[in-house]
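Peer 1: I have a structure I would like to understand better, so I am pasting it below and will then ask my questions one at a time.
The values are calculated or read from the model by the stated rules, or taken from the named source; none is laboratory data. These figures come from a predicted structure and were not determined experimentally. So basically every Cβ, Gly included, is an ideal-geometry build from the backbone, and we count neighbours across all protein chains shown.
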Amino acid sequence: MITRRVVPCLDCRDGRVVKGVRFQNLRDSGDPEELAALYEAQGADELVLLDISATPEERRHHHDTVEQVRRRLAIPLTCGGGVRGAEDARALLEAGADKVAVNTAAVDRPALISDIAERFGSQCAVLAIDAAREGAGWRVVVRSGAVRTARDAIGWAREGAALGAGEVLLTSWDRDGTRAGYDLDLIGAVAGAVNVPVVASGGASNAAHLAEALAAGADAVLAASIFHNGDLTVGAVKAHLAGAGFAIRP
């Protein structure tokens with residue numbers, strides 16, 4: 001049985017963790033170093049740290065935040081934001097990331113995925129897809145949700161995996177921060193289109209929502225506000241998932 005992962009997410013701006021709804025109306029949620037240590041102590045399997053203002057501000061990732069978090073963290077860390085080339089990925093890996101997520105720059109230049117995979121290994125290359133529902137399908141949105149592209153999200157996931165992405169970090173733009181549950185149709189469509197792990201994100205309000213995402217085909221579930229707000233601990237979520245029959249790491 002495949003072991004599933006629970007992954008808290010730290011969206012950072014100006015060195016602070018923030019959270020909003022559909023990437024807007026951001027509110028402060030705490031210090032990234034302290035939250036990282038807390039979630040690891042609660043049993044998080046991995047952590048995702050995204051510098052969400054790096055791309056809109058046309059700058060590189062704040063590496064000092066990555067370094068600070070890594071000092072407190074022993075579990076795997078995925079970092080993204082402002083990665084435009086393989087050297088940006090190298091800088092994040094040297095700062096303490098285990099995996100590097102690419103989004104907007106990869107849509108603009110898909111070869112970026114191959115560049116990272118070939119230089120550092122597919123296990124380091126994560127394709128982050130923000131998908132917005134349109135008709136019967138989904139379109140890729142970029143620049144922290146500000147721009148909706150003509151690119152089909154399912155096709156883009158398939159292409160990204162073929163280019164060397166070792167994982168897909170899939171966020172439903174429509175559900176992000178709404179606490180209405182994950183977009184299960186989106187998860188199932190992407191999971192069925194790729195042969196790499198899919199990390200589902202966007203919409204969790206309770207442990208049952210995370211179980212639904214895993215049942216829909218996700219290999220891992222990412223959540224933010226339910227942990228930041230103290231609604232649930234990582235340990236409580238993992239206990240629920242284990243009780244629902246999923247193989248969960250201690």
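Peer 1: May I ask you to verify whether GLY230 is on the phi > 0 side of the Ramachandran plot, surrounded by fewer than 19 Cβ atoms within 10 Å (Cβ to Cβ) and of a type outside the set (Phe, Trp, Tyr)?
Peer 2: Yes, satisfied.
Peer 1: Exactly one of these conditions fails for ILE75: (1) within 19 Å of SER225 (Cα to Cα); (2) at pLDDT 95 or above. Give me its number.
Peer 2: (1)
Peer 1: So, one more: Is there a residue in region 92-104 that is touching a Lys or Arg at 6+ places or on another chain (Cβ under 7 Å), closer than 19 Å to VAL199 by Cα and hydroxyl-bearing (Ser, Thr, Tyr)?
Peer 2: Yes, some residue in region 92-104 is touching a Lys or Arg at 6+ places or on another chain (Cβ under 7 Å), closer than 19 Å to VAL199 by Cα and hydroxyl-bearing (Ser, Thr, Tyr).
Peer 1: Also, I was wondering about something else. Anything in region 203-228 that is within 21 Å of ASP31 (Cα to Cα) and in contact with a strand residue (DSSP E or B) (Cβ under 8 Å, 6 or more places away or on another chain)? List them, or say none.
Peer 2: Result: LEU222, ALA223, ALA224, SER225, PHE227, HIS228.
Peer 1: Right, another one. Looking at ALA211, ALA191, ALA239, which one is touching a Gly at 6+ places or on another chain (Cβ under 8 Å), on the phi < 0 side of the Ramachandran plot and either assigned to a helix (DSSP H, G or I) or surrounded by fewer than 20 Cβ atoms within 10 Å (Cβ to Cβ) (or both)?
Peer 2: ALA191
Peer 1: Here's another thing I want to ask about it. Being of a type outside the set (Val, Ile, Thr), touching a residue at least 24 places away in the same chain (Cβ under 8 Å) and surrounded by 18 or more Cβ atoms within 10 Å (Cβ to Cβ) is the filter here, so list the residues in region 129-141 that pass it.
Peer 2: The answer is ASP130, ALA131, ALA132, TRP138.
Peer 1: I need the full set of residues from region 146-184 which are of a type in the set (D, E, K, R) and in contact with a His (Cβ under 7 Å, 6 or more places away or on another chain), in order please.
Peer 2: None; the set is empty.
Peer 1: Identify, please: which residue in region 80-128 is basic (Lys, Arg) and closer than 26 Å to GLY202 by Cα and is, among those, surrounded by the fewest Cβ atoms within 10 Å (Cβ to Cβ)?
Peer 2: Top of the filtered list is ARG109.
Peer 1: Identify all residues within region 67-88 that are among the aliphatic types (A, V, I, L, M) and within 16 Å of ARG13 (Cα to Cα); write none if there are none.
Peer 2: The answer is VAL69, VAL83.
Peer 1: Further, regarding this structure: Within the set of pairs 6 or more residues apart or between chains, which connect a residue that is closer than 15 Å to ALA150 by Cα inside region 99-117 to a residue that is in a helix (DSSP H, G or I) and among the β-branched types (Val, Ile, Thr) with Cβ atoms less than 7 Å apart?
Peer 2: Taking only residues 6 or more apart or on different chains, the pairs are ALA106/ILE113.
Peer 1: Same structure again: Here are the criteria: (1) under 15 Å from the mean Cα position of the chain (by Cα); (2) of a type outside the set (Phe, Trp, Tyr); (3) at pLDDT 95 or above. Tell me which single one CYS12 does not satisfy.
Peer 2: (3)
Peer 1: Kindly evaluate ALA36 against the criterion of being at pLDDT 90 or above, crowded, with 17+ Cβ neighbours inside 10 Å and out of contact with any Phe, Trp or Tyr (no Cβ under 9 Å at 6 or more places or on another chain).
Peer 2: In short, yes.
Peer 1: Ok, one more. Condition first: in contact with a Gly (Cβ under 8 Å, 6 or more places away or on another chain), of a type in the set (Lys, Arg) and either surrounded by fewer than 18 Cβ atoms within 10 Å (Cβ to Cβ) or under 27 Å from LEU38 (Cβ atoms) (or both). Can you find one or more residues in region 63-70 that meet it?
Peer 2: Yes, region 63-70 has at least one match.
Peer 1: Can you name the residue in region 15-33 that is part of a strand (DSSP E or B), modelled with pLDDT under 80 and not hydroxyl-bearing (Ser, Thr, Tyr) and, of all such residues, is surrounded by the most Cβ atoms within 10 Å (Cβ to Cβ)?
Peer 2: Restricting to residues being part of a strand (DSSP E or B), modelled with pLDDT under 80 and not hydroxyl-bearing (Ser, Thr, Tyr), the top hit is LYS19.
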